[in-house]
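These notes are about the structure you will find just below.
The values are calculated or read from the model by the stated rules, or taken from the named source; none is laboratory data. No experiment lies behind these values; they were computed from the predicted model shown. Here Cβ is always computed from backbone atoms with ideal geometry, including for glycine, and neighbour counts include all displayed protein chains. Calculation scope for accessible area: heavy atoms of the full protein, side chains included, ligands and nucleic acids excluded. Shrake-Rupley method; radii C 1.70, N 1.55, O 1.52, S 1.80 Å.
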Amino acid sequence: MKTKRTVKDKLNTFLFGKDLRITEGGRYEEEREFDYSSYLPVEKYISPQSLPDENVFFVTDFGAKPDNTASENSKCINACIEQASEAGGGIVAVKGGAFTSKTVHLKSNITLFVCPDSCLIADGSGEGFENMTFIHAENCENIAITGGGIINGNGHLFGRKPLLDNNVTEPSEVIDVIEMRRTYRAQLRFAHPSKYGRLVVLENCRNIHIHSIIFKDSPSWTLRTVKCENLTVENFVINNNRHVCNTDGIDLMQTSGVEIRHCFISCADDGIVLKNAVWEGCDGAMENIHISDCEVISCTNAFKIGTETTYPIRNVLAENCRFYMTDLYPGSVSGISLESADGSVVENITVRNIEMDRCTCPVFLRLNNRNRAAKVNMQSASAIEFAAKPQGKGMDKKSFDMTGELRNILIENIKAKNIELPVIIAGFKQKGKTKRIKNVTLKNFELEYRNACEIVDNRLFIPEYSKEYPECWRFRNLPAYALWARHAENIRLENFNCKPVKNTHRKDIIFKDVL
């Protein structure tokens with residue numbers, strides 16, 4: 001069965017770009033059913049941890065008091081860290097309950113050890129946090145976060161009430177990108193001004209090891225690294241409220257020499273995302289990143305490069321992972337999303353051996369010219385989360401204008417079921433010039449659509465969207481079900497298969513301006 005749009009439906013499509021952002025109202029602190037994933041395999045990822053016998057500093061020895069939300073412990077915890085640092089380094093132990101705190105500042109040669117059955121929990125007021133961060137380190141080396149316990153950001157406290165009264169769990173009977181996007185936006189908790197920022201931020205640090213620890217309920221980006229080197233994240237869990245906006249899992253920015261392995265991530269925004277933007281403090285390339293053996297539940301993109309990209313990103317391998325959605329509708333926006341939107345050269349990327357379930361678009365490759373560096377700086381980019389208009393000047397508008405490239409991409413051994421969009425490969429035309437995605441190999445693909453009817457959405461043309469935020473949903477229902485490619489060069493398909501919905505009206509593969 002196919003569904004045609006009525007005249008009223010067609011008029012409503014003009015509202016596709018209208019934002020359903022909630023900008024008024026107080027804090028909404030209720031936890032709803034299915035805000036957090038019903039599947040949470042902590043035992044699979046977090047092994048028991050024991051404190052060493054020597055060089056351990058207990059935060060309780062410095063006055064920290066557990067299980068008392070009225071007692072704010074940041075001064076005590078930071079004093080403990082300072083003492084350990086003056087001793088040449090050591091283990092700072094959080095043991096004996098839940099310790100409420102504001103910003104904790106790590107130092108070189110420090111291991112923050114949150115013991116099993118213990119927790120560091122962010123102060124619920126949102127006031128008094130430094131650097132817009134709960135756990136912060138800058139210009140440090142040889143640091144670790146571990147212990148088997150929990151670092152809890154209390155993120156569900158800092159949003160406004162969503163437009164819908166309940167979370168949506170049942171899929172729509174019709175595959176319709178317009179309604180899909182509206183349903184997603186209507187479940188989000190947009191930022192309240194009390195939101196303090198990110199859970200863990202590491203800046204200009206090297207030799208970092210994060211393992212055997214649970215990060216929970218971040219208010220915004222969960223783990224953010226900027227201009228770091230030699231980062232290992234393993235045996236690690238992120239369990240966020242999946243409706244708190246902008247709660248990415250792991251955000252790597254100009255961070256090179258990275259190993260991310262055996263991690264479980266459940267979050268509202270991108271799961272693992274590589275960014276490299278001048279307005280985020282970046283000033284050079286990032287490379288040599290390996291991601292493996294991870295499970296990612298994301299309401300947006302499970303693995304993504306972009307969109308905040310001005311400097312090069314290269315030599316990336318993601319393999320042996322599972323990307324999916326458990327118990328919400330819509331599913332993930334995409335499984336794999338590789339983008340250059342703001343002038344970055346993104347190249348030499350391999351993604352292989354990936355299983356997906358309920359990732360709307362299995363693969364989205366996008367090159368466009370949003371050129372955000374000409375419009376925002378660090379302050380104005382952050383303010384946009386709170387629905388503020390960009391203030392202040394960005395860089396010279398020509399600095400990253402039309403400089404983007406997306407090339408040398410290998411994606412192989414992909415099994416995806418319950419998809420709702422084709423693989424999309426989209427370069428762009430702008431200012432009389434054509435910029436093509438180059439040298440893409442798609443090998444050993446087995447794709448299968450969700451069992452539903454599809455909307456008939458015939459359009460005379462599909463816009464370029466060259467200056468818009470790049471996301472697969474923007475292209476809406478496309479005339480191809482398996483692969484739609486435009487403005488590309490040297491696309492190779494090997495054993496590429498897709499099972500569509502029954503009686504589809506669409507072609508399997510469409511190439512437009514592909515050389």
**Item:** Extreme residue, least open to solvent (accessible area, probe 1.4 Å), among residues of the stretch 156-204 that are in a strand (DSSP E or B) and basic (K, R)
**Value:** R189
**Scope the stretch 43-70; condition over 15 Å from T146 (Cβ atoms), out of contact with any helix residue (DSSP H, G or I) (no Cβ under 9 Å at 6 or more places or on another chain) and either of a type outside the set (S, T, N, Q) or in a strand (DSSP E or B) (or both); matching residues** = E43, K44, D53, E54, D67, A70
**Message:** Which condition from (1) β-branched (V, I, T); (2) more than 22 Å from C299 (Cβ to Cβ); (3) at pLDDT below 95 is the one that I455 breaks?
**Reply:** (2)
**Asked** Does any residue of the stretch 95-111 turn out to be β-branched (V, I, T), surrounded by fewer than 17 Cβ atoms within 10 Å (Cβ to Cβ) and either modelled with pLDDT of 95 or more or out of contact with any His (no Cβ under 6 Å at 6 or more places or on another chain) (or both)?
**Response** no
**Prompt:** Inside the stretch 457-477, can you point out the residues that are within 20 Å of the chain's Cα centre (by Cα), assigned to a loop (DSSP other than H, G, I, E, B) and of a type outside the set (S, T, Y)?
**Reply:** E468, P470, E471
**Message:** Can you tell me which of (1) in contact with a Phe, Trp or Tyr (Cβ under 8 Å, 6 or more places away or on another chain); (2) within 16 Å of R366 (Cβ to Cβ); (3) of a type in the set (D, E, K, R) is the one E295 doesn't meet?
**Reply:** (2)
**Asked** Looking at A277, A341, A285, A318, which one is open to solvent by 10 Å² or more (accessible area, probe 1.4 Å), touching a residue at least 24 places away in the same chain (Cβ under 8 Å) and over 14 Å from the mean Cα position of the chain (by Cα)?
**Response** A285
**Request:** Collect the residues in the stretch 220-252 that are surrounded by 24 or more Cβ atoms within 10 Å (Cβ to Cβ) and aliphatic (A, V, I, L, M), keeping them in residue-number order.
**Result:** L223, V233, I238, V244, I250, L252
**Request:** For residues that are basic (K, R) and not in a strand (DSSP E or B), scanning just the stretch 421-451, find the one that is most open to solvent (accessible area, probe 1.4 Å).
**Result:** K431
**Complete:** Residue pairs qualifying under the 6 Å Cβ cut-off, at least six apart or on distinct chains, with the first in the stretch 218-239 being farther than 12 Å from I260 by Cα and the second being charged (D, E, K, R) and open to solvent by 10 Å² or more (accessible area, probe 1.4 Å), are P219/K195; S220/R198; W221/R198; R224/R198; V226/E203; E229/R206; N239/K216
**Message:** Quick check on S108: is it among the hydroxyl-bearing types (S, T, Y) and in contact with a strand residue (DSSP E or B) (Cβ under 9 Å, 6 or more places away or on another chain)?
**Reply:** yes
**Request:** State whether one or more residues within the stretch 377-392 are modelled with pLDDT of 95 or more, surrounded by fewer than 24 Cβ atoms within 10 Å (Cβ to Cβ) and on the phi < 0 side of the Ramachandran plot.
**Result:** no
**Item:** Set E454, E489: member being touching a residue at least 12 places away in the same chain (Cβ under 8 Å), acidic (D, E), surrounded by fewer than 21 Cβ atoms within 10 Å (Cβ to Cβ) and not in a loop (DSSP other than H, G, I, E, B)
**Value:** E489
